[in-house]
1. Over the chain, what is the relative contact order in percent, taking alpha-carbon pairs closer than 8 angstrom and at least six residues apart?
2. Which entries in the list K50/K300; K246/K336; K50/K134; K209/K336; K293/K336 go over 29 Å, if you measure between the two C-alpha atoms of each?
3. Can you tell me which of 271-280, 340-349 comes out highest on packing, and rank the rest after it, using the mean Cβ neighbours within 10 Å?
4. Report, by chain and number, residues whose modeled amide H sits under 5 Å from the one on A30, excluding near sequence neighbours (fewer than 5 apart, same chain).
5. What residues qualify as long-range amide H neighbours of Y210, i.e. H under 5 Å apart, gap of 5 or more or another chain, H built at 1.01 Å from N?
6. Show the residues, 5+ positions off or on another chain, whose built amide H is closer than 5 Å to the amide H of V167.
7. Using only DSSP helix segments of four residues or longer, with each worth -39500 (n - 2.57), what per-residue ellipticity at 222 nm results for the chain after dividing by its residue count and rounding to 500?
8. What does the charge count near T148 come to, summing +1 for each Lys or Arg and -1 for each Asp or Glu among other residues with Cβ under 11 Å from its Cβ?
Amino acid sequence: MKLTTLLVCDAGLDKRQTIEDLIHSQNNLALIGTVAGGMAREQIASLHPKLVWIELSPAPVRGLSLLAELREAYPQLYFFVSYEVPDPELIRTAYRLGASDFLDAERWRTDLPAAVQSIMLKHQSESVSVAQGKVVAIFSPTGGIGATTITTNLAGYLSKHGETAIVDLDLQFGMVAHYLNLEPSFSLSTIDFSHTNFDATYLRNLMTKYDDKLSILAAPPELEDIGDIYAAQIQEILNTAKSEFKYVVVDLPKNLLDERAIASLDFADHVLVLTEYNWSAILNARKCLDTFKAHYNQEKLLLVINRSEWLPHDVLSECRANLNYPVFAEIPADAKTAKWVNNQGQIAPGHTALGKAMDSIARRFAGAEKLLLTAEGDKAAGFKLPGIFAKRK
């Protein structure tokens, strides 16, 4: 894999040719164009390079101003800066403005390979991190179903398979921190998007650790703190979390008119719709599923029955018929364990019914067990109805 490179150069033809030859000499770089500083922004938007090389000659201050402008507009790009001499003040300013490396004419032939290698390693690391992340949103259209209990315990078991984060997006009445017996110093309301370059380091500084493998980003502690958090910012938070953690579990509010909840649902890799086998919860779940099915495929939209208990066969059949959607998982009723873990700020022990159910769901997301239910004997790829629905039309 090569890093596509755009050269920004206002210097003379000789300097331009020298730098182009340097870029061509590197097996990991692919020059896709050379432009003047005034055209840099337009060409970046058109050519989509991974690396931008800015030559500061003949006006270093103007070149550094361009670096600052481009770094702010395209924070995902890497930037090299070059100049005739290794001027200490220019070097300090370039690094402060976000340059990955400063190359001077005396040493760029010897220093360039190491600079390129550093960028390649960082790029590969970031690509792997993004590929590994998985966002699971928990949504219950009915209150009192146990969504936060499922959120905390599923995250706890997912953390056995990789570092996990919980983002509490029930901005008005989020309880994740309380359920885990944590007292966060920071929350979503702490973020200042107008002055902060939101990155993984900043995100981790806002989080509260439950243990070495599980961290939470808490909901705002006060109702008046939620007004300045917008949908685009929520997606930025989730995108950063996804690049940093293997699993991100999101506890959502019940209000689908909230644009922040919609943004989270759109961004998530999986949406767990949580309900119970009771009439009012089933009606709400059916309404929710009918709406979601128009926007999300069945591999993303997963129906989970909480507090499942023994019911006569005809009652179960009626419940499932009215849901009209394949059941991804059933979590047995375990009120004693649920009450204990929430009061103690613990994750359900593995020997309990709740713990076993959470472990099974976590293993399915982690690939240790089959993720989706299929009809028995059907080996075709894709989402299939479970056997209990095989004869329904």
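1. Numbers: 668 pairs, mean separation 55.8, N = 393.
For the chain, the relative contact order is 14 percent.
2. Working: K50/K300 31 Å; K246/K336 31 Å; K50/K134 24 Å; K209/K336 26 Å; K293/K336 35 Å.
Table pairs above 29 Å Cα-Cα are K50/K300; K246/K336; K293/K336.
3. Most protected by this proxy first, the peptides run 271-280, 340-349.
4. Distant-sequence amide H within range of A30: L3, T4, T5.
5. Excluding prolines and chain starts, which carry no amide H, the hits are S215, I216.
6. Correct list: L217, V249, V250, D251.
7. On the way: 14 runs with 162 residues, N = 393.
Taking each H run of at least 4 residues, the total per residue is -12500 deg cm²/dmol.
8. -3
Each value in this text was obtained by applying a stated rule to the coordinates, not by laboratory testing. These numbers were taken from a predicted model, which means no experiment stands behind them. Neighbour counts are summed over all protein chains in view; Cβ atoms, including those assigned to glycine, are modelled from backbone coordinates with ideal geometry.
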